[in-house]
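Worksheet: one structure, shown below.
Throughout, read-outs are computed from the coordinates displayed, never taken from laboratory work. What you see is a predicted model, and the numbers here were worked out from it, not measured in a lab. Cβ sites come from the backbone with ideal geometry, for glycine too, and all protein chains shown count toward neighbours.
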Amino acid sequence: DVLDPDRDVVINQLGGWDEATDPVGWQPKPTVFERAAAAGVDAVTVSLPAFERSALTRAGLRGGRFVAGRALIARAQAVERVLKDARVPTLVYFYVNELDKAGHRDGVGSDRWLHALEEIDAAVRRLVDRVPAGTVVLATGDHGMVDVPPSRRVDYAALDEAGELADPALLEGIAHTAGEPRLVQLHFRSDAGPDVRERVRRTWAERYGAHAWVLTRDEAVDAGWFGAVVEDRVRARIGDLLVAVHGDLALYDGRRVPPHAFEMVGQHGAPTRAEREVPLLTWHR
């Protein structure tokens, strides 16, 4: 989730962009596919039907063709057909979400996760055996994942018996909470002065500092968490205060998320090694 400073609302960028959010305006840089198409490459995304016209697809994958397939094997076969029918240099992005879903639901290493991994392994092996000679196949992931036990899924905005915040010091001067359970982003109200901001920072460090990094936006940017260069138009989207977990912990704003969010076992989002480092496997056909 991110804050739209112009309208002072919070929008979930994955679950459903609202009508006022333009994907191209949000991410105006040329995509890899647009650059490939400009160079004469046939750029193709093979993914789930639900994502064909999604705002996230338009933001990050625009510029190429989209081929839909529901089941994993259907998508793998679609990739094979695209490559076999190719008459010009072709770049195919093959999206697989089965392992991610299994990890979120049941955890890394669970039976469901291992089953999904075996299915993906078999599908990739078949694909590598059948693609045309001269094809290079790369397999990687966009993140790692860690398991968080139920007792460590904490609602930092929990209410007491009187319906008041149980720990109001954590949210003093906060206009919006954003981010995700492994990387909370807090946006202060415009009238929250330096004393309030420092007090809230200290409070978060006292409560969770043994299990999380607590940084200001400037500190996180200077540390390179958001890349070498952060444009001003993007900088404002980042929380004023960031809480990045490095232990087996997940921090929720229970006012903002549905109850089933607390059932998520596998999680990611913090800059820990387990969540950031992923393999890159390469096959030369």
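See the values below:
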item	result
Mean Cα-pair separation over length for the chain, i.e. relative contact order, pairs under 8 Å, 6 or more apart, %	22 percent
CD proxy at 222 nm, helix term only [per DSSP H run n ≥ 4: -39500 (n - 2.57); per residue of the chain; nearest 500]	-8500 deg cm²/dmol
Volume of the Cα convex hull of the chain, divided per residue and given in Å³	151 Å³
GNM result for the chain, Cα springs below 10 Å: residue of 269, 134, 60 fluctuating most strongly	134
Total formal charge among the other residues, if their Cβ is under 12 angstrom from that of residue 135, Lys/Arg +1 and Asp/Glu -1	+1
The chain: angle of helix 72-84 to the longest principal axis, Cα-based, in degrees nearest 10	50 degrees
Where only C-alpha atoms are counted, convex hull volume of region 96-155 per residue in Å³	81 Å³
Antiparallel DSSP beta bridges within the chain, percent to nearest 5	70 percent
Amide H contacts of residue 67 (H built 1.01 Å from N, under 5 Å, at least 5 apart or other chain)	45, 46, 47
Simple label model, 7 Å out from Cα along Cβ direction - residue 262 to residue 234, nm	3.5 nm
Normalised alpha carbon radius of gyration of region 149-263 [divisor 2.2 N^0.38 Å]	1.07
For region 56-118, alpha-carbon Rg over 2.2 N^0.38 Å	1.37
Relative contact order of region 149-263, defined on C-alpha pairs under 8 angstrom at six or more residues apart (%)	38 percent
